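The values are calculated or read from the model by the stated rules, or taken from the named source; none is laboratory data. Because the structure is a prediction, the values reported are computed rather than measured. All Cβ positions, glycine included, derive from the backbone under ideal geometry; neighbour counts span all protein chains shown.
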Amino acid sequence: MPSPAQKGDIPNFAARAREALSTYSRRRLLASAAHAAAGVALGLAGARSLFAQAPARQAAELGGDFHLLKAGAVNVLAVETGDGLAFVDGGPAVESAKLLAAANALGGGGKIHTLFNTHWHPEQTGANEALGAAGATIVAHENTRLWLTEDVTWPWSNETVRRLPAAARPNKSFYSELELAIGRKRVRCGHLRDCPHTDGDQYVFFRDDNVLAVGDAIYGVGWPAIDWWTGGWIGGIVGGLEMLLKVANEDTHVVPARGPVLGLKDLRRQHEMYETIWERLVKKLYSGGGPDEAVAAKPTQEFDDIMGPSEEFVRRAFQSLWAYLSPDA
């Protein structure tokens, strides 16, 4: 399914992916032996030091203005801004009442004036209707706003996510980057243009506090669910991590939508792992294989002991290559 974006600074991802792959292949050819040795060395012993096993940072470490709330299995970052609250993601709709009640116990009297949607999925946009009706500013990438204007049916489950009413859609969108001040907080929003999870993924960086919220572009636990139907892909996970590694530093608290708060070392370990998996899947694609062959090749085998069963992840990760590297498939 094509991206809904119709205008703005939306790159040609397929062309750039091919160019990146060509550059990558030349570089890998020169260093293939070293890389293979590193991959073997990582193995299960290395995997046990991946992010899933890293010591979880406590929410208190984020700072007094930051609160990590739970909406079902999803993290919602609540930020006191001096004039109320800002939320990064809103959890699923069934959790909205609990979430808003929890907000009432925080500074700012429970007034949520800003909501950031890191992407369009219902686990992130469930509070849009309530907060939009209350007059909140809803900030998202333009692709996220556009996906929320139409019904989306996922082919792997036949589940249809209905469009949101107009009042629940983002009312402040951007294409590449957005700088804004909300109360006493300076915020930079950036499009994760390589599309790790969807084609509308954004990060939300609270610059003075060094807190970086990334939605489902990065998982804190388990294998990610790549929504290739709305633009996400395995190469985008690698590219998104590379982008975030340039935003974060050793002291940055990285808040994913699922799992514990992460740090720079966790991002580096994830990057190494997904880069390895991406290369294996691309090789399988260009050798003429399909999703079944990709699963049979076990491209994640040295990581499965920590990450969990990977068949669904591998299948969707492989399918995600079609739009970017085989657009006529």
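Numbers below:
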{"item": "Hey, A213 touching a His at 6+ places or on another chain (Cβ under 7 Å) and at pLDDT 95 or above or not", "result": "no"}
{"item": "Selection count, the range 156-175, where residues are assigned to a loop (DSSP other than H, G, I, E, B) and on the phi < 0 side of the Ramachandran plot", "result": "11"}
{"item": "Unique match (being free of Cβ contacts under 8 Å to residues at least 60 places away in the same chain, surrounded by fewer than 22 Cβ atoms within 10 Å (Cβ to Cβ) and not acidic (D, E)) among R162, R169, R145", "result": "R162"}
{"item": "Residue check, K298 of a type in the set (D, E, K, R) and outside any loop (DSSP other than H, G, I, E, B)", "result": "no"}
{"item": "Sole residue being surrounded by fewer than 21 Cβ atoms within 10 Å (Cβ to Cβ) and assigned to a helix (DSSP H, G or I), chosen from L241, L245, L178", "result": "L245"}
{"item": "Candidate set from the range 284-310 (those that are among the charged types (D, E, K, R) and within 22 Å of E272 (Cβ to Cβ)); member that is modelled with the lowest pLDDT", "result": "D305"}
{"item": "Residue match in the range 209-226 (condition: surrounded by fewer than 22 Cβ atoms within 10 Å (Cβ to Cβ) and over 22 Å from P299 (Cα atoms))", "result": "yes"}
{"item": "Count of the range 181-208 residues which are outside any loop (DSSP other than H, G, I, E, B) and surrounded by 15 or more Cβ atoms within 10 Å (Cβ to Cβ)", "result": "13"}
{"item": "Only one of Y203, Y219 that is within 24 Å of A71 (Cα to Cα), at pLDDT below 95 and of a type in the set (S, T, Y)", "result": "Y219"}
{"item": "Residues located in the range 200-246, provided they are among the β-branched types (V, I, T) and under 10 Å from the mean Cα position of the chain (by Cα)", "result": "V214, I218, I226, I237"}
{"item": "Residue ID - nearest to G183 (Cα to Cα), chosen from residues in the range 101-150 that are part of a helix (DSSP H, G or I) and of a type in the set (G, A, S)", "result": "A103"}
